[in-house]
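Here's the structure, in structure tokens; my notes come after.
The values are calculated or read from the model by the stated rules, or taken from the named source; none is laboratory data. All figures in this text were calculated on a predicted structure; none of them were measured in a lab. Cβ: placed from backbone, ideal geometry, glycine included. Neighbour counts: every protein chain shown. For the accessible areas, the whole protein counts, side chains as well, though only heavy atoms, and no ligand, DNA or RNA atoms are used. Shrake-Rupley method; radii C 1.70, N 1.55, O 1.52, S 1.80 Å.
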Amino acid sequence: MTVRTRFAPSPTGYLHIGGVRTALFNWLLARHYGGQFVLRIDDTDQQRHVEQAVARIVEGFRWLGIDWDEGPEVGGAAGPYFQSQRTEHYRAAAERLMASGHVYRDYSTEAERAADRAAAEKAKRAYRFRRIEYTEEQLRQFESEGRPYALRFAVPPGRTLRLDDAIKGTVEFATDEIGDFVILRPDGSPLYNFASVVDDVTMGITHVIRAEEHLSNTFPQLLIFEALGARLPVFAHVPYVAEPGSKAKMSKRKMEEYAKAGILLYLHDYIERGYLPEAVLNYLARLGWSYDGTQEIFTREELIEKFTLERVNSSPASHDQDKLFWIEGEWMRAQPMDRKVAGCAEFLAREGLVRLPLDPATRSRLEAVITALGDRLKTFSDVVKLGRYFFTETLTHDPDAVRKRLRKDGVVEMLRELDDLLARTEPFDLATLEAAVHAYAEQTGRKMGDVVNPLRVATTGQAVGPGLYDCLVILGRESCRRRIGETIAMLERGGATGT
RNA sequence: GGCCCCGUCGUCUAGCCAGGUCUAGGACACGACCCUUUCAAGGUCGCGACACGGGUUCAAAUCCCGUCGGGGUCACCA
């Protein structure tokens, strides 16, 4: 039997990190066993911009390298893959259950149910819908007046359901805890528990890996599988992803708060910041799963080879952005120059700092910048943050840097001397410049830091960055001298928020 | 509230199922030092956990019970 897994996002367009992890586990399991991964769109709600949302979801998975064997854009034999287009399946399944006596027509009104629920609440009991027995006469009357009805599942009393969950282990649940639940609304639209089972059965899903909030839902679903005479899939309920630094579940209401705190929760946040898909994939896989307790870095292939459900943790994991950032750094360091150039160029172009495609001169400058940046480059967008001044002649001084390094007695004088030194240094390369600056410091009796740091700020505007001589060489003699002149002018007029 | 799931360093986790090898291992973060013109990187060292209470046992992070804490579910939401 080949393994078939699925992920069924609702088309809001936002791929939450927890959801992506669930999808990843499904994908990994399918690939591990050489099976298929199905993408199914859960659009049972009447949503408005389904197409755009699906495009975004598709884009997210493609970016990560999670491919699907069946689903939107690729089709497949078990289609359609949009629940809104599968109403015929739900209707047919409901009819079978009706014929076999597993479901019944419920004519109850909203008011009746609300009253029951209120009574249950008042009595501090759980509310369970129980079948209302109508007389033949009532039924005839309801039918003749066309009174709307929902289809409900008649839950058998007194049974204990048993689930062997691949992550949670054996879980038992009494059917007495389950009220008769609706499978089809009066308008014929299915409810999640029903649609999900019908789809899983008709699509031949063998392993249902989903968020643990569905664990309790599984028991009514078990009843539906049974009534349909379908073979049970393996269930695996994955623990939720908690807030950073806590065991509390992330809440949708606190999204703005998280964003303010710099916590990124959507896949697209990471795409937009220029993270590497390999790193995000690696991080997500390790969140709640481990191989041997020591290995942290996994390639896509290793993940496929090593992933099993037994190694998925049964307790919640909280999102650890620092760790993701570290993994990102590890992956970035391992990338070849071409990949870094391509990734960085995109972000520079977005800022209007370079034009695509790169001309040869810009390309070789970018390569030099990337080499100089070294491990400081963690995400592609870092090239903008750390190396902007290499791609624009507009010098922007960081006020803190100016205050700390330039607003000192004698600095302007020294900068004039250094400008003169740069004018004379020949050739204008790393070794020669380094020797020249060293000699200058020695001759004038200055500490290296007192020469190098002001020179850095004078040429780049920033207090931090790659090695100074790397910067000077990449900028070139003319640009360096022009910038020094500009800095001196700025200092003399008391600019960059100083006095 | 009933029912169900979960509880090892701040965080991700190994160990738990098959009790001793655990004075609990690794990683991120954090701190110190080294290197160093800045910031990273790298190196060395350090800080730091079995939620709590009982029980079983010669022996418990591991098995059992209870408490506490977190989460889910009890919808004509998904």
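Numbers for the structure displayed
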| quantity | calculated |
| --- | --- |
| Protection proxy ranking of A:472-478, A:450-456 - average other beta-carbon atoms within 10 Å, highest first | A:450-456, A:472-478 |
| Nitroxide proxy distance, nm - points 7 Å out along Cα→Cβ at A:Ala463 and A:His214 | 5.1 nm |
| Spatially proximal lysines relative to A:Lys252 (Cα-Cα < 25 Å; intrachain offsets below 8 disregarded) | A:Lys260, A:Lys323 |
| Heavy-atom surface of chain A, accessible at 1.4 Å and reported per residue (Å²) | 49 Å² |
| Cross-link reach list, aspartates and glutamates versus A:Lys306, counting only Cα pairs under 15 Å and skipping chain neighbours closer than eight places | A:Asp292, A:Glu296 |
| Length released on extending from A:Asp176 to A:Arg128, taking residue separation times 0.36 nm less the Cα-Cα span | 16.4 nm |
| Where N is the number of residues in chain A, Cα Rg divided by 2.2 N^0.38 Å | 1.37 |
| Relative contact order of chain A, defined on C-alpha pairs under 8 angstrom at six or more residues apart (%) | 12 percent |
| Per-residue [θ]222 nm for chain A (sum of -39500 (n - 2.57) over DSSP H runs n ≥ 4, rounded to 500) | -14000 deg cm²/dmol |
| Simple Cβ-charge dipole of chain A, Lys/Arg +1 and Asp/Glu -1, about Cα centre, in debye nearest 20 | 780 debye |
| Loop-located GluC sites (Glu not before Pro) in region A:389-433, at most 15 other Cβ atoms within 10 Å (DSSP) | A:Glu393 |
| Amide proton proximity set for A:Lys378, modelled H, under 5 Å, gap of 5+ | none |
| Ranked by how many other beta carbons lie within 10 Å on average, peptides A:484-490, A:48-54, A:458-464 from highest | A:458-464, A:484-490, A:48-54 |
| Euclidean distance of C-alpha centroids, region A:422-456 and region A:1-72, integer Å | 57 Å |
| A:Arg159/A:Arg333 FRET efficiency (R0 51 Å; Cβ-Cβ; nearest 0.05) | 0.35 |
| Charge dipole (region A:100-217, unit charges on Cβ, about Cα centre) - positive-most of A:Gly188, A:Val171, A:Val198 | A:Val171 |
| FRET E, pair A:Ser144, A:Arg91, Förster distance 22 Å, beta-carbon r, rounded to 0.05 | 0.45 |
| Under 20 Å from the Cα of A:Lys124 - aspartates and glutamates, other chains or at least 8 residues apart | A:Glu112, A:Asp116, A:Asp176, A:Glu177, A:Asp180 |
| Residue-wise HN-Hα coupling along region A:164-177, computed from phi with Karplus coefficients 6.51, -1.76, 1.60 (Hz; x: Gly, Pro) | 9, 7, 5, 10, 8, x, 7, 10, 10, 8, 7, 5, 5, 7 |
| Within region A:89-135, GluC sites (Glu not before Pro) in DSSP loop having at most 15 other beta-carbon neighbours inside 10 Å | A:Glu133 |
| Built amide H within the under 5 Å cut-off of A:Ile167, gap 5+ | A:His237 |
| Per-q log10 I(q)/I(0), region A:70-140, q = 0.15, 0.24, 0.26 Å⁻¹ (Debye; single scatterer per alpha-carbon; no solvent) | -0.78, -1.07, -1.13 |
| Check: region A:237-369 dipole with +1 on Lys, Arg Cβ and -1 on Asp, Glu Cβ, in debye | 380 debye |
| Pairwise FRET efficiency - A:Glu110 versus A:Met448, Cβ, R0 = 56 Å, nearest 0.05 | 0.10 |
| Relative contact order %, region A:211-290, counting alpha carbon pairs below 8 Å whose residues are six or more apart | 20 percent |
| Protein accessible area in chain A, 1.4 Å probe - carbon and sulfur % | 50 percent |
| Burial order of peptide ranges A:138-150, A:160-172 (average beta-carbon count within 10 Å, highest first) | A:160-172, A:138-150 |
